[in-house]
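Student: Attaching a single structure in structure tokens format; questions to follow.
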Amino acid sequence: MDYIELHKQYKENSLFGRYITLRDIEPILNKYSIEVVGKSVLEKPIYQFLVGSGKTKVFMWSQMHGNESTTTKAVFDFINLLHSDEKIGIELRKQFTFCILPMVNPDGAEVYTRENANNIDLNRDSVDLSQPESRILRKVFDSFKPNFCFNLHDQRTIYGAGNDGNPATVSFLAPSYNEAREVNGVRAKAMQVIVAMNKELQIHIPGQVALFDDGFNPNCIGDQFTSQGVPTILFEAGHFQSDYYREFTRKMIFISLISGLQHIYEIDIVDDNYAEYFQIAKNNAVFYDFLYKNVKINYDGKKIIANFAAQFKEELIDGKLQFNAYVVEIGDLKGKFGHYEYNAHKMLYEDGEGNYPKIDQKANFTLGKVIKFENGIKK
């Protein structure tokens, strides 16, 4: 199957970039049969799609963290496919019944924050169910009674796939159901689907797939649903080289969804066939957005050679998302990588202020008096 061509055909082109709100998705929602299943803290509607007639029920949701929108884009690409006459779309509708909540946290999406309007992380509210959005998600889970759950998120650019200098473009997790992180039949099923998705992704992004940490936390929705006996898969959309808008990554999530679902209906999933899951690289925080090496710095009257790193902060300013680079660490930084790296070859750092990089300072500086960097980038 030509997944790349398939995505090109069904990509929802009206959605672009990282700042995706309810205003962006409602015109698309209105093309399809939808239902409002509840409202957010600020009375924004939370929408549900029900698609398909198959016996295997799949529950998927996105943007429970308002600033994690890549998978929302991929979900709408997938929804377009599901409503098409494409052979795979017809087959998916035949094999599965899908319940999809494309935006669980519309309040957080509006202001581009992880939390909801009450400053609560909905992915740490699965036990208390203190928030209306959490209660809606749990109510749909209980009423739909899924056979599989797909929990769709974004992760930061800091993660690599292992220690080899490859970004973790997509990361997965079959969440634990107990403190011992044991593998039962429920978790094994999720692991096998992840193995299938990883095999396909290695064709497109070799060495750039990883596993998220599997420490058990019953307050996390994936751990909670796994402990309720439903195989649950965490999807983390991460960074691909130079893809800060995550348009390439959305394509990889789209491919993951289809290849994983194909595995579910084409392959007999057995409890003991999951060993390859543990061979996938681990998610490792080894990246910065910018890494500057061998920089000569005036420090306390002495000239020293040092490395320093900068990281983008995603800041919503006047309704527009901006990527602003700030210094985050100074030191040896051994074993660390930069999505953008620059070797200063002992050129002198100057910034017109203290002429020494400081934590939380904007990454605007010169090297050797002639090479200028603005917002972390060489001009």
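The values are calculated or read from the model by the stated rules, or taken from the named source; none is laboratory data. None of these values were measured; they are calculated from a predicted model. Ideal geometry is used to build each Cβ from the backbone, glycine not excepted, and the neighbour counts take in all protein chains shown.
Student: For a quick check of your reading of the model, give me the residue pairs whose first member lies in region 74-85 and is outside the structural domain of residue 103 (by TED's automatic domain parsing), whose second is crowded, with 21+ Cβ neighbours inside 10 Å and at pLDDT 95 or above, with beta-carbon atoms closer than 7 Å and at least 6 apart or on different chains.
Tutor: If the second residue must be crowded, with 21+ Cβ neighbours inside 10 Å and at pLDDT 95 or above, no pairs are left.
Student: Name, by its number, the condition in (1) surrounded by fewer than 24 Cβ atoms within 10 Å (Cβ to Cβ); (2) touching a residue at least 40 places away in the same chain (Cβ under 8 Å); (3) part of a loop (DSSP other than H, G, I, E, B) that does not hold for residue 175.
Tutor: Here residue 175 meets the rest and fails (1).
Student: For residues that are in contact (Cβ under 8 Å) with a residue 40 or more places away in the chain and in a loop (DSSP other than H, G, I, E, B), tally how many sit in region 1-30.
Tutor: So the answer is 10.
Student: With respect to residue 376, is the statement that it is of a type in the set (Gly, Ala, Ser), over 30 Å from residue 186 (Cα atoms) and buried (at least 16 other Cβ atoms within 10 Å of the Cβ) true?
Tutor: Taking the combined requirement at face value, the residue satisfies it.
Student: May I pose another question? With the requirement that a residue be outside any loop (DSSP other than H, G, I, E, B) and within 30 Å of residue 206 (Cβ to Cβ), what does region 225-243 give you?
Tutor: 226, 232, 233, 234, 235, 236, 237 - these are the residues of region 225-243 that are outside any loop (DSSP other than H, G, I, E, B) and within 30 Å of residue 206 (Cβ to Cβ).
Student: OK, next. Residue 59: in contact (Cβ under 8 Å) with a residue 60 or more places away in the chain, assigned to a strand (DSSP E or B), crowded, with 18+ Cβ neighbours inside 10 Å and not basic (Lys, Arg), yes or no?
Tutor: In short, yes.
Student: Could you identify the single residue in 312, 290 that is touching a Ser or Thr at 6+ places or on another chain (Cβ under 8 Å), in a strand (DSSP E or B), among the hydrophobic types (A, V, I, L, M, F, W, C) and under 30 Å from residue 18 (Cα atoms)?
Tutor: Residue meeting the stated conditions: 312.
Student: Still on this model: Have a look at 196, 168, 188 and point out the one that is among the small types (Gly, Ala, Ser), more than 18 Å from residue 62 (Cβ to Cβ) and crowded, with 23+ Cβ neighbours inside 10 Å.
Tutor: 168
Student: Within the group 191, 252, which residue is in the same structural domain as residue 154 (by TED's automatic domain parsing), touching a Phe, Trp or Tyr at 6+ places or on another chain (Cβ under 8 Å), in contact (Cβ under 8 Å) with a residue 40 or more places away in the chain and within 30 Å of residue 14 (Cβ to Cβ)?
Tutor: After applying the criteria, what remains is 252.
Yes or no, residue by residue, for (1) of a type in the set (Gly, Ala, Ser); (2) in contact with a Pro (Cβ under 8 Å, 6 or more places away or on another chain); (3) farther than 14 Å from residue 7 by Cα; (4) outside any strand (DSSP E or B):
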| site | (1), (2), (3), (4) |
| --- | --- |
| 54 | yes, no, yes, yes |
| 81 | no, no, no, yes |
| 100 | no, no, yes, no |
| 104 | no, no, yes, yes |
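Student: Every residue in region 325-339 that is buried (at least 17 other Cβ atoms within 10 Å of the Cβ) and free of Cβ contacts under 8 Å to residues at least 60 places away in the same chain, please.
Tutor: 325, 326, 327, 328, 330, 333, 336, 338
Student: Would it be correct to say that residue 222 is crowded, with 24+ Cβ neighbours inside 10 Å, out of contact with any Ser or Thr (no Cβ under 8 Å at 6 or more places or on another chain) and assigned to a helix (DSSP H, G or I)?
Tutor: For residue 222, the condition - crowded, with 24+ Cβ neighbours inside 10 Å, out of contact with any Ser or Thr (no Cβ under 8 Å at 6 or more places or on another chain) and assigned to a helix (DSSP H, G or I) - is not met.
Student: Hey, another quick one. Yes or no: residue 51 assigned by TED's automatic domain parsing to the domain that holds residue 96 and surrounded by 14 or more Cβ atoms within 10 Å (Cβ to Cβ)?
Tutor: Against the criterion (assigned by TED's automatic domain parsing to the domain that holds residue 96 and surrounded by 14 or more Cβ atoms within 10 Å (Cβ to Cβ)), residue 51 qualifies.
Student: Further question on the same structure: When you go through (1) in a helix (DSSP H, G or I); (2) of a type outside the set (Val, Ile, Thr); (3) in contact with a strand residue (DSSP E or B) (Cβ under 8 Å, 6 or more places away or on another chain) one by one for residue 248, which number turns out not to apply?
Tutor: (3)
Student: If we keep just the residues of region 340-357 that are without any contact (Cβ under 8 Å) to a residue 40 or more places away in the chain and among the acidic types (Asp, Glu), which is farthest from residue 166 (Cα to Cα)?
Tutor: 353
Student: Inspect region 317-332 for any residue being under 19 Å from residue 241 (Cα atoms) and small (Gly, Ala, Ser) and give the result as yes or no.
Tutor: Within region 317-332 (the criterion being under 19 Å from residue 241 (Cα atoms) and small (Gly, Ala, Ser)), the answer is yes, since at least one residue qualifies.
Student: Something else now. Restricting attention to region 119-156, report how many residues are closer than 28 Å to residue 245 by Cβ and in contact with a Phe, Trp or Tyr (Cβ under 6 Å, 6 or more places away or on another chain).
Tutor: 2
Student: Go through (1) under 22 Å from residue 158 (Cα atoms); (2) among the hydrophobic types (A, V, I, L, M, F, W, C); (3) more than 24 Å from the chain's Cα centre (by Cα); (4) part of a strand (DSSP E or B) one by one and return the number of the condition residue 333 breaks.
Tutor: If we test residue 333 against (1) under 22 Å from residue 158 (Cα atoms); (2) among the hydrophobic types (A, V, I, L, M, F, W, C); (3) more than 24 Å from the chain's Cα centre (by Cα); (4) part of a strand (DSSP E or B), just (4) comes out false.
Student: If I ask for residues that are aliphatic (A, V, I, L, M) and surrounded by 17 or more Cβ atoms within 10 Å (Cβ to Cβ), which ones from region 348-373 would you list?
Tutor: Residues satisfying the conditions are 363, 367.
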